[in-house]
């Protein structure tokens, strides 16, 4: 996924690479939701803490990326186009 920082778009795009299966599973619905925005979208990217214990009692802790669409980008961000 490519992102621009809303508060610093001149920094250029950055790319999110994740091995999270949960993120991969959500990409289909995320793509559909982004299509509904009909243009550049303003999104919030966060890392959600996930903790659990396995059946053997081992504690597992990791952070999974979460993308939430907040609406259509406006102003400078709404006018920007990323180069391919």
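So if I check each of 54, 81, which one is at pLDDT below 75 and surrounded by fewer than 10 Cβ atoms within 10 Å (Cβ to Cβ)?
Working: 54 fails: at pLDDT below 75.
Result: 81 is the single residue among 54, 81 that is at pLDDT below 75 and surrounded by fewer than 10 Cβ atoms within 10 Å (Cβ to Cβ).
Can you tell me which residue within the range 67-78, out of those that are at pLDDT below 85 and out of contact with any helix residue (DSSP H, G or I) (no Cβ under 8 Å at 6 or more places or on another chain), is farthest from residue 32 (Cα to Cα)?
The qualifying residue farthest from residue 32 (Cα to Cα) is 75.
Which residues, taken from the range 1-15, are in contact with a strand residue (DSSP E or B) (Cβ under 7 Å, 6 or more places away or on another chain) and loosely packed, with under 12 Cβ neighbours inside 10 Å?
2, 14, 15
The values are calculated or read from the model by the stated rules, or taken from the named source; none is laboratory data. Being a predicted model, the structure only gives us computed values, none of them experimental. Cβ atoms come from the backbone with ideal geometry, glycine included; neighbour counts cover every protein chain shown.
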